[in-house]
1. If you add up the charges near V178, with Lys and Arg at +1 and Asp and Glu at -1, over every other residue whose beta carbon is less than 12 angstrom from its beta carbon, what do you get?
2. What does the C-alpha gyration tensor say about the overall shape of the stretch 72-145? Classify as rounded when a/c is under 1.5, otherwise prolate if a/b is larger than b/c, or oblate.
3. Counting Lys and Arg as +1 and Asp and Glu as -1, each charge on the Cβ, what is the dipole of the chain about the Cα centre in debye, to the nearest 20?
4. So, with +1 on the Cβ of K and R and -1 on the Cβ of D and E, and no other charges, what is the size of the charge dipole of the stretch 58-197 about its Cα centre, to the nearest 20 debye?
5. Can you give the convex hull volume of the alpha carbon atoms of the stretch 134-253 per residue, in Å³?
6. Counting every Cα pair in the stretch 96-195, what percent are over 21 Å apart?
7. Write down the percent of antiparallel bridges among all DSSP beta bridges whose residues are both part of the chain, to the nearest 5.
8. Leaving out ligands and nucleic acids, note down the accessible area per residue over the stretch 134-253 with a 1.4 angstrom probe, in whole Å².
Amino acid sequence: ALVRRPSPRLADGLVTHIDRKPVDTDLALRQWESYVAALQQHGWETAEVAAADDCPDGVFVEDAVVMFRNVALITRPGVESRRPETAAVEEAVTALGCPVARITAPGTLDGGDVLKIGDTVYVGRGGRTNAEGIRQLAAAFEPLGARVVAVPVSKVLHLKSAVTALPDETVIGYPPLVDDAGIFPRFRPVPEESGSHVVLLGGRSLLMAASAPRSAELFSDLGYEPVPVDISEFEKLEGCVTCLSVRLRGLSA
């Protein structure tokens, strides 16, 4: 799992759909350390991308690269100020032996707009990802067996701000923030916005925000094991549990 420690300038991070609130950078660092520890405690080896202290949003490492099979697609973020975040991420995935492809102008793509469920790759088209970015992603991944589906995103920052998926491939989301739940073959509503975001740790374990206790109860009732982490300072910047790491599965030796 790729991770990147928060910048001292985290409080200057972008906000788009919510009002700005003060961010406690010291607390954010402790929360990030707890997040990384949760990954490690569930069997994940973490690789820390070189710090980007001049990039307030760099901790949201998911936006810089999209993995499919073992191919790393380096993104071209939709906001120009975030584009310097990608160079060190490319160095990290190259060091892990991943073949690399890149999104180029005029395409834009944020990794947070990409939800992979099996071989289906849903890509949110909205404020940060454009049609050309989606076309280039399809050109990179369809030869590897991906089926790319474009999804409208207008109510939240990224597609995965609205929906993620459970291990059984059911898509979960908070209905007021989902543009079109009918796109997904199986959709289950959750009672809290932050309950829409889960990271599959393996087996029945779901990493999720501590701010969604009712959703955690729902998942427990479905037979899953919620692993809550407090990410309150990142939620103030429209961040969620998926944004803070990139999970690389099945890398070739």
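The values are calculated or read from the model by the stated rules, or taken from the named source; none is laboratory data. Because the structure is a prediction, the values reported are computed rather than measured. Note: ideal-geometry Cβ built from the backbone for every residue, glycine included; neighbour counts use all protein chains shown. Keep in mind that these areas ignore ligands, DNA and RNA; they rest on the heavy atoms of the full protein, side chains included. Shrake-Rupley method; radii C 1.70, N 1.55, O 1.52, S 1.80 Å.
1. Values: positive: K155, K160, R188; negative: D179, D180, E193.
Local charge sum for V178: 0.
2. Details: a/c = 1.72, a/b = 1.03, b/c = 1.66.
Judged from the Cα gyration tensor, the stretch 72-145 comes out oblate (a/c at least 1.5, b/c at or above a/b).
3. Details: 25 positive and 34 negative charges, 122 e Å.
Using Cβ point charges on Lys, Arg, Asp and Glu, the chain gives about 580 debye.
4. Working: 14 positive and 17 negative charges, 47 e Å.
In total the dipole reaches around 220 debye.
5. On the way: hull volume 15.6 nm³, N = 120.
Spelled out: Cα convex hull of the stretch 134-253, divided by residues, is 130 Å³.
6. Percentage above 21 Å: 32.
7. On the way: 16 of 35 bridges.
About 45 percent, rounded to the nearest 5.
8. On the way: 4910 Å² over 120 residues.
Heavy-atom accessible area per residue stands at 41 Å².
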